[in-house]
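Have a look at the structure below, then the notes.
The values are calculated or read from the model by the stated rules, or taken from the named source; none is laboratory data. Nothing here was measured: the structure is a model prediction, and the numbers come from that model. No Cβ is skipped: glycine too gets one built from the backbone with ideal geometry, and neighbour counts run over all protein chains shown. Keep in mind that these areas ignore ligands, DNA and RNA; they rest on the heavy atoms of the full protein, side chains included. Shrake-Rupley method; radii C 1.70, N 1.55, O 1.52, S 1.80 Å.
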Amino acid sequence: MSEQRDEGFDEWMAAIDRGEGYALECPEGHGSLPPRRRCPECGDPDLERQPLPDGGSLDTFTRIHVATPEFADDAPYVVAIVDFGLVRLTGQLRDVEEPEVGMSVAVGVEERETKEEPLLVFRPA
């Protein structure tokens, strides 16, 4: 990954951590996540930041029992895809014994157990 891409991603993760999460929207209404220079749908370079809603809806999930070495100490854990309207985010779902599609969750940033690096995390809203 290039440094520029890391910078955009790190900035976006910091915004999520501050409670100021955002997505990018082009004039055609397509949503995407940073870092982006152009809309991935139509190629328009005119992207505006739009705030993420406070909560999203759980679209799907899977429970991981046998993890890759990067996440070995996190297992078992739940990976979830959550709909925030303009975009869908992928992260770990925490503090939920029995996840249900459609449940409301909030997004934040926490550390991974294995590498103590930032991770996108969902918790019940």
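Brief remarks follow.
- Computed Rg/Rh of segment 35-117, alpha carbon atoms with Kirkwood Rh: 1.04
- Heavy-atom accessible area with a 1.4 Å probe sorts S104, S32, S57, largest first, into S104, S57, S32.
- When the charge dipole of the chain is built from unit charges on Cβ atoms (+1 for Lys and Arg, -1 for Asp and Glu) and taken about the Cα centre, the candidate among C42, W12, P99 whose Cα reaches farthest toward its positive end is C42.
- Taking amide H positions as modeled 1.01 Å from N, with prolines and chain starts lacking one, the residues under 5 Å from L93 and 5 or more places away or on another chain are V78, V79, A80, F122.
- Inter-centroid distance (Cα atoms) of segment 87-125 relative to segment 41-77, Å: 8
- Rounded accessible area per residue of the chain, 1.4 Å, Å²: 62
- Beta bridge orientation in the chain: antiparallel %, DSSP, nearest 5: 95
- Per-residue 3J(HN,Hα) values for segment 34-44, derived from phi via the Karplus relation 6.51 cos²θ - 1.76 cosθ + 1.60 with θ = phi - 60°, read x, x, 9, 10, 9, 5, x, 7, 10, x, 5 Hz in sequence order (x marks Gly and Pro).
- Heavy-atom surface analysis with a 1.4 Å probe gives the chain a carbon and sulfur content of 44 percent of its accessible area.
- In degrees, nearest ten, helix 3-17 long axis to first principal axis of the chain (Cα): 70
- Residues considered: V82, V109, V66. Largest GNM mean-square fluctuation over the chain, using C-alpha springs under 10 Å, is found at V66.
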